[in-house]
Amino acid sequence: MSKDMNIHYDSSNELSTPAVGRLSLYYRELQRLQAAGLTSTNSRDLAAMVNVSAAVVRRDLSSIQSTGRRGVGYDVAGLADHIGKVLGSGVQWKAILIGVGSLGNALLRYKGFERLGFTLAAAFDTDPAKINRNVGGTSICSLTELEPILRQTKPELAIIAVPSEQATEVAARVVALGIQGILNFAPTTLKVSSNVAVINVDLASELQQLAFRIQNR
Ligand SMILES: NC(=O)c1ccc[n+]([C@@H]2O[C@H](COP(=O)([O-])OP(=O)(O)OC[C@H]3O[C@@H](n4cnc5c(N)ncnc54)[C@H](O)[C@@H]3O)[C@@H](O)[C@H]2O)c1
């Protein structure tokens, strides 16, 4: 499927970030149900799987024009396909990884990206000892080759897993080369132009929020 066939939402029908996050979780659970051979599900069961209320599931799904049938529920394969299209899965996305340390190594070995349509086209590092090694099927290139390789492979996404001091410069370089979205693991706030989507994954901050919740319950 071409990227043009993605389902686009105009600003009047924009999905909130939490709603997109929940859709991604419904998608994961629907895929699991499909693999187990189930053909239908309902909002109550989906709600229990992702720990939200059935009303939230129905609202999220109706916001993407998916309504279940009373007494029958949702068709698992059809709903998974529809959510997949809304989220941009089912099309192939090319991603690159920059920084192949402890975290980068684990990401390169993770098999779950491919299943959702994300291909890791190349990985980059500055450490000469890592260049030309292959991790999880992706070869590690020198950062000096970033420009020619990106011009050739034209990835849409970049995963940044370099030390925080290097992240801003690395982000500027990939944005200048046409990257449209960045998944940033470095604990720093990237300032890039507003037409580049950035998602920051700050695991330490998540742990801090978890500790706060436990402390205040
Ligand atoms: N390891 C974790 O569990 C974890 C958890 C949360 C956040 N992070 C963050 O993710 C980032 C990576 O963490 P890590 O533990 O893998 O660090 P690491 O030190 O093991 O790896 C960093 C890698 O980046 C490379 N590098 C440095 N500068 C570079 C540049 N300009 N371009 C390309 N490569 C460069 C290094 O050679 C090294 O291979 C850090 O910002 C860290 O704070 C890591």
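The values are calculated or read from the model by the stated rules, or taken from the named source; none is laboratory data. What you see is a predicted model, and the numbers here were worked out from it, not measured in a lab. No Cβ is skipped: glycine too gets one built from the backbone with ideal geometry, and neighbour counts run over all protein chains shown.
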- Message: Here is a check on your reading of the model: is Ser164 surrounded by fewer than 17 Cβ atoms within 10 Å (Cβ to Cβ) and over 19 Å from Lys94 (Cα atoms)?
- Response: yes
- Task: Determine, yes or no, whether Leu23 is part of a loop (DSSP other than H, G, I, E, B) and closer than 20 Å to Gly117 by Cβ.
- Result: no
- Message: I need every pair where a residue in region 106-131 that is under 24 Å from Ser24 (Cβ atoms) has its Cβ under 7 Å from the Cβ of a residue that is among the charged types (D, E, K, R) and surrounded by 13 or more Cβ atoms within 10 Å (Cβ to Cβ), sequence separation at least 6 or different chains.
- Response: Thr119/Lys94; Ala121/Lys94
- Message: Being of a type in the set (Lys, Arg), outside the structural domain of Gln31 (by TED's automatic domain parsing) and not in a helix (DSSP H, G or I) is the requirement here; does Arg217 meet it?
- Response: yes
- Criterion violated by Lys191 - all others in (1) assigned to a loop (DSSP other than H, G, I, E, B); (2) of a type outside the set (Val, Ile, Thr); (3) out of contact with any helix residue (DSSP H, G or I) (no Cβ under 9 Å at 6 or more places or on another chain) satisfied: (3)
- Output the residues belonging to region 65-79 that are at pLDDT 90 or above and either loosely packed, with under 15 Cβ neighbours inside 10 Å or among the small types (Gly, Ala, Ser) (or both). Gln65, Gly73, Ala77, Gly78
